[in-house]
Amino acid sequence: MNTMKNGGNKILLVCILLWSCDIALLDDAETEKQCVTIFRDSMLKEINLVRTNPAVYAETRLKSVMETNTDNGSYLYLKRLTAVGAISFNDSLNKSASEYVMKLKDSLSHCFQGTSLDRALIAGYSGTAIGENIAAATPNSFNAMLNAEGAAIEFMKILIIDEGVKYSGHRLVILNPKYKTAGVGYKRNTSGKYINYVVQIFGNR
């Protein structure tokens, strides 16, 4: 688990191995659902960009970060990395991630309801391997209700940069060639410690 502070902002990462949304419509459940869908689709796009063309991802997403020496080595790591296959959504993993992200507030744990694999199996997943990433952040740049696509890009960047995370665990999960599918969950909770919460689940089926 790692916490980064930027002024009054907080970003938290936890790991196991142009469309915008109108803030004025936050009370509209259908609009919120639409924003989450756009966020999820945008995150899958980012996942597949970094998996299938890591050098391009590094150049387009991380070069400015690298130039300020805050990329945690991710820029050069991706520039030298061999591409792996694209992945697709798994409905059961989307369900598991979406249900689990609702439980996150002040503590970001992978163990509220058994293991990540246990939860995925309950949701209908038929695979045998799971990788789970959890991230949370307070800045508005991570608010999918304001800009779903932009928030997905920002969350992916902090997961790939993985500052202070032992063994760069989030990065390794995202880029693991054994994973073929994924699920994504997002929740905004203004009463929570970190406000914007994301769960990524990767599976081998």
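The values are calculated or read from the model by the stated rules, or taken from the named source; none is laboratory data. Because the structure is predicted, anything quoted here is derived from the model rather than measured. Note: ideal-geometry Cβ built from the backbone for every residue, glycine included; neighbour counts use all protein chains shown. Accessible surface is based on the protein model in full, side chains and every heavy atom, while ligands, DNA and RNA are left aside. Shrake-Rupley method; radii C 1.70, N 1.55, O 1.52, S 1.80 Å.
Each Lys and Arg adds +1 at its Cβ and each Asp and Glu adds -1 at its Cβ; summed about the Cα centre, the chain shows a dipole of about 640 debye. Close amide H partners of Lys193, meaning residues 5 or more places away or on another chain with modelled amide H under 5 Å apart, are Asp106. Close amide H contacts of Phe89 (hydrogens built in the peptide plane, cut-off under 5 Å, sequence separation of 5 or more or a different chain): Ala182. Stretching Glu163 away from Ala29 to a fully extended chain increases their span by 44.8 nm, per 0.36 nm per residue minus the current alpha-carbon distance. What a 1.4 Å probe finds exposed on the chain is 51% carbon and sulfur by accessible area, rounded to a whole percent. Only helical runs count toward this figure. For the chain, summing -39,500 (n - 2.57) over DSSP H runs of n ≥ 4 and dividing by all residues gives -11000 deg cm²/dmol at 222 nm.
Does the chain come out rounded, prolate or oblate, given a ≥ b ≥ c as the square roots of the eigenvalues of its C-alpha gyration tensor, rounded meaning a/c under 1.5 and, failing that, prolate meaning a/b above b/c?
Values: a/c = 1.37, a/b = 1.07, b/c = 1.27.
Rounded, since a/c falls under 1.5.
Surface analysis of region 105-156 yields an accessible area of 36 Å² per residue, using protein heavy atoms and a 1.4 Å probe. With 29 Å as the limit, the listed pairs Lys166/Lys187; Lys157/Lys180; Lys79/Lys193 have Lys79/Lys193 beyond it between alpha carbons. For region 26-61, GluC sites (Glu not before Pro) meeting the loop criterion (DSSP other than H, G, I, E, B) and having at most 16 other Cβ atoms within 10 Å: none. One chain, two ends: Thr128 and Asn69. Fully extended at 0.36 nm per residue, the span grows by 17.4 nm beyond their Cα-Cα distance.
Could you compute the net charge surrounding Gly85? Neighbours are other residues with a C-beta less than 13 Å from the C-beta of Gly85; K and R count +1, D and E count -1.
Values: positive: Arg51, Lys178, Lys180; negative: none.
Computed value for this residue: +3.
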